[in-house]
Structures are given as structure tokens and as C-alpha cells.
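Accompanying notes for the structure given below.
The values are calculated or read from the model by the stated rules, or taken from the named source; none is laboratory data. Not measured: the values here are computed from a predicted model. All Cβ positions, glycine included, derive from the backbone under ideal geometry; neighbour counts span all protein chains shown. The accessibility values were calculated without ligands, DNA or RNA, using every heavy atom of the protein model including side chains. Shrake-Rupley method; radii C 1.70, N 1.55, O 1.52, S 1.80 Å.
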Amino acid sequence: VRPVLLGTAALGAVAGAVGAFAVVRRQSLQGDAISHAALPGVVLAFLLGAESSPALALGAAVTGWLAMLVAAAVPRRTRVPADAVQG
């Protein structure tokens, strides 16, 4: 029980700190944007023949990373605010 309790407490502390930082930087939708962008990466990796969990996670990471690059570039080049892009 102790490892589970300590792990949960650590996860809660880290998530709270990162969440507060994201709200201050007005990027609270970033987690949602990454999670929604990761699903097509998993599907694409699977369609390309990946069957192992690390390969599928790599596909999710690549599309999540690309989505964050696009989400960072659009507000710099247009008048669309960052929260609208992430939404």
C-alpha cells in the first residue's frame, strides 16, 4: 500500500504544479490537444505495421509533437489566439 500511496502523492504534486504553470501561461488546453493528436499517431503507426507498445507510443509522440509545433506556430503567424488553436 505504501508504494501506491507515495506514487499517487508524487503524481498529484507534480500534476498540480504543472497544471498551475500551464494555467498561468494560458496553455491549459495543451494536454487535451496532445491527447487528441496522439490517437491518429497510434492509428497511423498500426497501419504502417507497428504492433508493439513502444512503436505505437512513438507514433503517438510524433503526432503529438507535430501538433504542438503547429499550435505554437499558428498564433505567431496569424491573429488567432493560442487557446483557440489548442481548442
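Looking across the range 35-83 at every residue that is open to solvent by 70 Å² or more (accessible area, probe 1.4 Å) and under 18 Å from residue 18 (Cβ atoms), the one that is modelled with the highest pLDDT is identified as 65. Taken as a whole, the range 50-73 holds at least one residue that is without any contact (Cβ under 8 Å) to a residue 24 or more places away in the chain, closer than 20 Å to residue 85 by Cβ, part of a helix (DSSP H, G or I) and more than 15 Å from the chain's Cα centre (by Cα). For the range 51-76, the set of residues classified as farther than 16 Å from residue 34 by Cβ and among the hydroxyl-bearing types (Ser, Thr, Tyr) consists of 52, 53, listed by residue number.
Against the list (1) without any contact (Cβ under 8 Å) to a residue 24 or more places away in the chain; (2) hydrophobic (A, V, I, L, M, F, W, C); (3) open to solvent by 50 Å² or more (accessible area, probe 1.4 Å), the condition residue 29 fails is (1).
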